[in-house]
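What follows draws every value from the coordinates through simple rules; no lab data is involved. Keep in mind the model is a prediction, meaning the values are calculated, not measured. Here Cβ is always computed from backbone atoms with ideal geometry, including for glycine, and neighbour counts include all displayed protein chains.
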Amino acid sequence: MNDRLSETFGALADPTRRAILARLASGEASVTELASPFAMSMPAISKHLKVLERAGLIARGREAQWRPCRLQAAPLQDVAGWVDHYRRFWEESFDRLDDYLQELKARDSKSKAKEKKHVRTKRKD
Amino acid sequence: MSAQNARTSSTMQSSEWDLVMTRVFDAPRELVFKAWTETKHVAQWWGPKGFTNPVCEMDVRAGGAIRIHMRAPDGVVYPMTGVFQEIAAPERLVFLCSALDDKGNSMFDVLSTVTFAEERGKTALTLQLRVMKATAAAPQYLKGMEMGWMQSLDRLGELLRSISRMTQ
């Protein structure tokens, strides 16, 4: 799918879903187990799980009756990689902005000094 | 509109953002804000090391357009467009940025909120990024760009090496 990253970002945008993923990072769990920390109805939890499943972030077992949920790391790695690249883009830009601001400041104080000198010479006349 | 929601959210926590970056600049806030909102300044620093910005246009008002063409050291041009959503000089800037492919389609849209805070003559800048859309081409795009600037660092390294050889 062309928009898979968008879907991953969308799935990650919700705090409940992030908490579910964090829980699954320590091992597979049943829907009941996943629901227990939240003051939420089972259908609401199921809805969140469906979003995560569609984004490929979790997989659900078919074999066992309790259908445990498992974390799927690949889309997370894609997102982390993308974010990392984007962060580097900005870090590079910030470095340049830093240098440029110093240049602007130096230019500014030089022109101010010139102004003062100008005023002084004028007074002499 | 999710872009609108992200902006007006009253309990804005860093966890609502995909990426938050802060940096303190040793310059007064007015100057830093100016460096972000006047194109002759923006063109001097926007983009990674070694990049130039042959096209840099900004209509600095809410709803105003942004158009920047970044040129990598290897000659590849990376166009992007955007629109300002909020301008509160010299404190805050909100804009939506899109990177375009060679057909002019957006590969990713990122909502950026820049906050400028005065800190005893220095400026603490916070950049909050929210990814609104990202296609499968998005990672490739950034990777390509990174190759561009890594090369420019390599070139700098080469130059320094050859200079140090000459002075030996």
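Less than 12 Å Cβ to Cβ from A:Gly27, Lys/Arg counted +1 and Asp/Glu -1: what total charge do the surrounding residues give?
Values: positive: A:Arg23, A:Arg70; negative: A:Glu28, A:Glu33.
Combined, the nearby Lys, Arg, Asp and Glu give 0.
Give the average, rounded to an integer, of partner chain Cβ atoms located within 10 angstrom of each Cβ in B:129-138.
6
What percent do you get for the relative contact order of the range B:24-87 when only Cα pairs under 8 Å and 6+ apart count? Numbers along the way, then the final one.
Working: 102 pairs, mean separation 14.9, N = 64.
This gives 23 percent for the range B:24-87.
Assuming R0 = 22 Å, can you tell me the calculated FRET efficiency for the pair A:Lys105 and B:Ala117, based on Cβ-Cβ distance, to the nearest 0.05? List each step's numbers first, then the result.
Details: r = 18 Å, r/R0 = 0.84.
About 0.75, to the nearest 0.05.
Based on the Cα gyration tensor of the range A:77-125, what are the three equivalent ellipsoid semi-axes, each the root of five times an eigenvalue, rounded to whole Å and given largest first?
Its equivalent ellipsoid spans semi-axes of 47, 5, 4 Å.
Using alpha carbons only, what's the Rg to Rh ratio of the range B:15-167 with Rh from Kirkwood?
Working: Rg = 17.1 Å, Rh = 16.9 Å.
When Rh is taken as the Kirkwood radius, the ratio is 1.01.
Can you list the residues of the range A:65-83 with backbone N under 20 Å from a point 7 Å past the Cα of A:Arg54, pointing along Cα to Cβ?
From the range A:65-83, the list is A:69-76, A:79.
Calculate the spin-label point distance for B:Lys103 paired with B:Asp26, positioning each point 7 Å from the Cα along the beta-carbon direction, and give it in nanometres.
The answer from the label model is 4.9 nm.
Give the peptides A:107-115, A:40-48, A:84-92 in descending order of average Cβ contacts within 10 Å, highest first.
Highest to lowest by the protection proxy: A:84-92, A:40-48, A:107-115.
So what is the relative contact order for the range A:4-72, in percent, with contacts set as C-alpha pairs under 8 Å and at least six apart?
Numbers: 66 pairs, mean separation 26.2, N = 69.
Once normalised by length, the contact order is 38 percent.
For n ≥ 4 DSSP H runs only, could you compute -39500 (n - 2.57) per run for chain A, divide by its residues and tell me the 222 nm figure to the nearest 500?
-23500 deg cm²/dmol
I'd like the mean, over residues of A:44-55, of how many other protein chain beta carbons sit within 10 Å of each residue's own Cβ.
Averaged over the peptide's residues, the number is 0.
If you scale each eigenvalue of the Cα gyration tensor by 5 and take the root, what three semi-axes come out for the range A:1-86, rounded to whole angstrom and sorted largest first?
23, 14, 12
Going down the list A:Lys110/B:Lys34; B:Lys34/B:Lys103; B:Lys34/B:Lys122; A:Lys110/B:Lys49; A:Lys112/B:Lys34; A:Lys50/B:Lys133, which pairs span over 22 Å between their C-alpha atoms?
Listed pairs above 22 Å: B:Lys34/B:Lys103; A:Lys110/B:Lys49.
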